[in-house]
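One structure below.
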Amino acid sequence: MSSITVLLKKNKQTSTGQYPLYLRIIKDRKTKFISLGIKLEESQWDPKAQKAKKNHPNSNRVNAFIAKKIAETEAETLEMAIEGRTLSNDSFIEIKGKEKTDFFSFAWKYVESFNNKGKIGSYKRTKYTIEKLKEFHGNQKLQFKEITVSFLKNYEAYLSGTLKNKVNTIQANFKVIRTILNNAVNEDIIKRDKNPFYKFKIQSEPTNRAYLTEQELDSMDKLDLTIDSNLYHHRNMYIFSSYVGGLRVSDILTLKWENFDGSHITIKILKTGSTVSIKVPKRGIEILELYREKTLRNENGIEISSNFVFPILSDDYYSLSPTLAHNSLSSATAYINKNLKEIAKMAKIDKIISYHTSRNTFGTRALRKGMRIEYVSKLMGHATIKETQVYAKIVNEELDKAMDVFNI
């Protein structure tokens, strides 16, 4: 059983002498109050009839609004009874009127939060994701209640069929939308059980994580490249990362001498903001010695900055706006990846590699050499051990193949 009463809350008098109207819902011996967003003077309220008196200038509209909210609440309590739900913090959220918040309006605030934090890469990716959804929907507004399992399935078909997006690209799009809906739940915009992602399963497929074997890494390392050429620097950066924690390209590009104390590299990871300290092994020290305390020149013979360990970024990098800094890193990364493909050919490595494969190479090498997985996870700056388990799976597959010798 449940009861619904409209009350003038006299313990919440405003500075103007008015009192707010609330719905009081009692269900299963639990009580919940919902503000109706209306304030009246005590003389304008009839507590017995639970209506605004005629001396209120908009009594008819106020009473019509109250009747509408009572009807909505009765419908919701009936639905709760049918579904066996009890009162909770997110009960009757829609009755409060918060569901009228437009999804796109809410989403753009989420997108802009990355821009405000200077996370330009995340800003661009989430912005593009919301623009794709908006193009699919076709309208300027999208109510949260319109985002159902059926809506998501139709959008999935659109991404796959019309836009020809791959499974993992679709997965990335849905992860953004799911995060925004989870934020809406946390902010009491929608009820938890109205989030369609509790029923809609995001599909994914395994990716081919390229990495170099010890022999391939050694072949690349021994290439005779012109000193101070970009090929030389890019190869050295790749080898360094393969030995030193699988440092991401953004972290290796911005690595400064102040991050090295003679034995350890200590940096704040750009992607996650976490700090890692990595003891540099012998081969890493040897590479650092190639750059320490010497006048660095580019391949054109022009002297360049020695603030960064590897001479790729310009001196004014840290004075750039977040957008220009992001563009600078993106441009440098594209150039590195282009050269690494050429370097792989020169080393007779029959794999398509990018700088990120140095990270995969470190992860698989470390596990093969017997390093505990939790140590690998910490060194690589992973948020959870689950991320590192991908490399463990690769190593286990190698061991399985090795056992095939007994089948010969």
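The values are calculated or read from the model by the stated rules, or taken from the named source; none is laboratory data. The structure displayed is predicted, hence computed values, not measured ones. All Cβ positions, even for glycine, are placed from backbone atoms using ideal geometry, and neighbour counts span all protein chains on display.
See the values below:
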{"item": "From LYS32, LYS96, LYS39, residue being in contact with a strand residue (DSSP E or B) (Cβ under 8 Å, 6 or more places away or on another chain), modelled with pLDDT of 80 or more and closer than 26 Å to ASP193 by Cβ", "result": "LYS32"}
{"item": "In region 258-285, residue nearest to the chain's Cα centre (by Cα) [restricted to those that are charged (D, E, K, R) and part of a loop (DSSP other than H, G, I, E, B)]", "result": "LYS271"}
{"item": "Residue among ILE177, ILE189 that is in the same structural domain as THR129 (by TED's automatic domain parsing), aliphatic (A, V, I, L, M) and either part of a loop (DSSP other than H, G, I, E, B) or at pLDDT below 95 (or both)", "result": "ILE189"}
{"item": "For LEU225: the one exception among (1) within 26 Å of ILE265 (Cβ to Cβ); (2) of a type outside the set (Ser, Thr, Tyr); (3) part of a helix (DSSP H, G or I)", "result": "(3)"}
{"item": "Considering residues of region 358-391 that are of a type in the set (Gly, Ala, Ser) and not in a loop (DSSP other than H, G, I, E, B) only, the residue nearest to PRO281 (Cα to Cα)", "result": "ALA366"}
{"item": "Selected residue (only one of ILE385, ILE394, ILE353, ILE349 is in contact with an Asp or Glu (Cβ under 8 Å, 6 or more places away or on another chain), touching a residue at least 60 places away in the same chain (Cβ under 8 Å) and of a type in the set (Val, Ile, Thr))", "result": "ILE349"}
{"item": "Matching residues, region 99-138, being at pLDDT below 90 and over 18 Å from THR323 (Cβ atoms)", "result": "GLU99, LYS100, THR101, ASP102, GLY138"}
{"item": "Criterion (over 19 Å from the mean Cα position of the chain (by Cα), surrounded by fewer than 17 Cβ atoms within 10 Å (Cβ to Cβ) and outside the structural domain of THR129 (by TED's automatic domain parsing)) met by exactly one of ARG235, ARG292", "result": "ARG292"}
{"item": "Counted residues, region 109-144 - those being part of a helix (DSSP H, G or I) and either over 26 Å from SER204 (Cα atoms) or not assigned by TED's automatic domain parsing to the domain that holds ASP193 (or both)", "result": "5"}
{"item": "SER43 being in a helix (DSSP H, G or I), in the same structural domain as LYS68 (by TED's automatic domain parsing) and exposed (fewer than 12 other Cβ atoms within 10 Å of the Cβ)", "result": "yes"}
{"item": "Verdict on SER242 being surrounded by 23 or more Cβ atoms within 10 Å (Cβ to Cβ), among the hydroxyl-bearing types (Ser, Thr, Tyr) and in a helix (DSSP H, G or I)", "result": "yes"}
{"item": "Tally of residues being at pLDDT below 95, part of a helix (DSSP H, G or I) and either among the charged types (D, E, K, R) or over 29 Å from the mean Cα position of the chain (by Cα) (or both) across region 302-357", "result": "0"}
{"item": "All positions within region 1-29 that are surrounded by fewer than 17 Cβ atoms within 10 Å (Cβ to Cβ), closer than 20 Å to MET80 by Cα and of a type in the set (D, E, K, R)", "result": "ARG24, ASP28, ARG29"}
